[in-house]
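What follows is one structure encoded as structure tokens, with my remarks underneath.
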Amino acid sequence: MFTIRAERIFDGQELIPAQAVAIEDGRIAAILREAPENALDLGDVTLLPGLIDTHVHLAFDAGPDPIGSLDQDGLYDRMRDAALQHLAAGVTTVRDLGDRDYLAVKLSAELTDGPTILSAGPPITTPRGHCWFLGGEASGVEGVRQAVRERAARGATAIKMMITGGEMTAGSHSHLCQYSEAEVRAAADEAHAHGLPITGHAHAGAGIALAIAADFDSIEHCTFITETGIDPDLTLMTAMATRGIYASLTAGVLPGFTPPPAIAQRLAKLFEATRLMHATGVPIVAGSDAGIGPTKPHGILPWAGPNLVDWTGMTPVEALRSLTSLAARSCQIDDQKGKLAPTYDADLLAVPGNPLTDITTLTRPTAIFRKGRRIQPAA
């Protein structure tokens with residue numbers, strides 16, 4: 001057993017009157033009010049649970065042509081490197097929501113020195129639909145049921161369905177639905193029959209409505225996009241809040257980023273929608289979508305803390321919960337991740353000072369521990 005001392009401890013919910021965390025066999029053994037003399041003293045830092053990114057793509061290289069790079073040799077090795085980049089940023093758990101050939105599932109079993117990887121395998125999409133090139137095409141009620149069964153049999157820990165299209169795929173559009181209500185409901189029913197959470201890629205209000213009606217566990221992006229703008233729907237937000245359906249917002253961008261004109265002209269309305277979502281009580285977590293382009297490098301999630309505060313009106317403590325305990329609950333791993341408490345995995349992040357007064361400290365990790373083993377932070 002060894003002990004880590006910090007000036008402040010955030011347990012996933014709040015700052016607590018404690019000074020140290022005792023670790024044994026990769027798990028938290030105790031939370032101590034006073035640190036023993038032989039404790040590893042991290043100084044004037046806040047110790048908190050390792051961050052959880054609810055939406056990454058380890059198979060995408062964050063380059064100018066992430067789709068084209070899929071066919072280059074060494075994909076598995078690049079995915080391993082991407083996973084390690086997340087860990088070096090203090091992200092101790094990632095949920096991969098779109099890989100190729102179940103390589104993220106394979107990596108989750110073989111990568112012993114990286115973050116915990118949850119994987120949905122190739123996302124379920126329509127023939128030539130959004131991200132079809134990842135190999136997850138399926139159609140019809142029985143077709144999507146079989147697709148869910150295949151992922152469950154291959155060891156997926158979540159199911160991802162492309163309910164609407166996306167701009168990354170030629171011929172696909174974010175404001176249009178790809179699947180029928182019957183197909184969406186069949187996917188959710190089959191996922192839950194296998195004990196797996198299901199999340200839906202849904203930008204348009206109509207797609208969000210389909211996910212809600214089918215009792216999806218979470219909805220990715222949730223932008224309420226239309227062909228020409230953003231159309232927030234308070235009724236749908238209220239339904240999400242009432243049912244406890246998580247909005248996995250796409251957050252994590254570097255300061256100074258200039259969005260493309262088509263997105264820039266919608267930003268004000270998009271931020272209005274995210275603030276309304278938060279005010280309505282929708283449980284919000286952050287998925288960086290890391291890998292999809294140069295503005296989304298692997299390990300970008302710490303910047304989601306400031307983004308959530310700026311975009312949704314969250315307080316810093318709410319943003320910290322979204323990136324730790326709430327994210328764990330959305331991924332259904334909250335019995336082992338996202339909190340500093342006895343029996344939980346010793347996945348820890350130390351940041352300078354107090355993130356409740358300066359949320360940007362998340363981007364400057366001073367120490368990272370994965371199951372009690374210290375990791376070198378990114379430079």
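The values are calculated or read from the model by the stated rules, or taken from the named source; none is laboratory data. The model shown is predicted, which means the values in this text are computed figures rather than measured ones. Reconstructed Cβ throughout: ideal geometry from the backbone, glycine too, with neighbour counts over all protein chains shown. Accessible surface is based on the protein model in full, side chains and every heavy atom, while ligands, DNA and RNA are left aside. Shrake-Rupley method; radii C 1.70, N 1.55, O 1.52, S 1.80 Å.
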Task: For Gly43: the one exception among (1) crowded, with 17+ Cβ neighbours inside 10 Å; (2) of a type in the set (Gly, Ala, Ser); (3) closer than 23 Å to Arg370 by Cβ - done: (1)
Open item on the list: If I filter the stretch 57-71 for residues that are of a type in the set (A, V, I, L, M), free of Cβ contacts under 8 Å to residues at least 60 places away in the same chain and touching a Leu at 6+ places or on another chain (Cβ under 7 Å), do I get at least one hit?
Closed with: no
TODO: Would you confirm whether any residue within the stretch 20-32 is open to solvent by less than 40 Å² (accessible area, probe 1.4 Å), out of contact with any strand residue (DSSP E or B) (no Cβ under 6 Å at 6 or more places or on another chain) and of a type in the set (Gly, Ala, Ser)?
DONE: yes
- [ ] Evaluate the following for Asp310: is it assigned to a loop (DSSP other than H, G, I, E, B), at pLDDT 95 or above and open to solvent by 20 Å² or more (accessible area, probe 1.4 Å)?
- [x] no
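Open to solvent by 40 Å² or more (accessible area, probe 1.4 Å) and free of Cβ contacts under 8 Å to residues at least 12 places away in the same chain: is that true of Ala182 in this structure?
Judged against the criteria, Ala182 is not a match.
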TODO: For the stretch 339-352, indicate whether the set of residues that are open to solvent by 30 Å² or more (accessible area, probe 1.4 Å) and not in a loop (DSSP other than H, G, I, E, B) is non-empty.
DONE: yes
TODO: Name every residue in the stretch 315-330 that is open to solvent by 10 Å² or more (accessible area, probe 1.4 Å) and closer than 17 Å to Ala247 by Cβ, in order of residue number.
DONE: Glu318, Arg321, Leu326, Arg329
Task: Near pairs, Cβ below 7 angstrom, 6+ apart or cross-chain, from the stretch 1-28 (touching a residue at least 60 places away in the same chain (Cβ under 8 Å) and within 19 Å of Thr366 (Cα to Cα)) to any residue that is among the basic types (Lys, Arg) and open to solvent by 40 Å² or more (accessible area, probe 1.4 Å) - done: Asp11/Lys339; Gly12/Arg321; Gly12/Lys339; Leu15/Arg8
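Listed here are the residues, each with its yes/no results for (1) surrounded by fewer than 22 Cβ atoms within 10 Å (Cβ to Cβ); (2) in contact with a Pro (Cβ under 9 Å, 6 or more places away or on another chain); (3) part of a loop (DSSP other than H, G, I, E, B); (4) at pLDDT below 95.
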{"site": "Ile117", "(1), (2), (3), (4)": "no, no, no, no"}
{"site": "Lys160", "(1), (2), (3), (4)": "no, yes, no, no"}
{"site": "Asp189", "(1), (2), (3), (4)": "yes, no, no, no"}
{"site": "His192", "(1), (2), (3), (4)": "yes, no, no, no"}
Open item on the list: Give all pairs with beta carbons closer than 6 Å in which a residue from the stretch 81-101 that is buried (at least 22 other Cβ atoms within 10 Å of the Cβ) meets a residue that is polar (S, T, N, Q); count only pairs at least 6 apart in sequence or on separate chains.
Closed with: Thr93/Thr116; Arg95/Thr54; Asp96/Ser119
Task: Hits in the stretch 63-84 (condition: over 15 Å from the mean Cα position of the chain (by Cα), farther than 14 Å from Gly135 by Cβ and part of a helix (DSSP H, G or I)) - done: Gly68, Ser69, Tyr76, Asp77, Arg78, Met79, Arg80, Asp81, Leu84
- [ ] Of the numbered conditions (1) open to solvent by 20 Å² or more (accessible area, probe 1.4 Å); (2) touching a Pro at 6+ places or on another chain (Cβ under 7 Å); (3) not polar (S, T, N, Q), Leu134 fails exactly one; give the number of that condition.
- [x] (1)
TODO: Starting from the stretch 322-344, take each residue that is over 27 Å from Asp310 (Cα atoms) and acidic (Asp, Glu) and list its partners that are at pLDDT 95 or above and open to solvent by 10 Å² or more (accessible area, probe 1.4 Å), counting only C-beta distances under 9 angstrom and pairs at least six apart or across chains.
DONE: Asp335/Thr343; Asp335/Tyr344
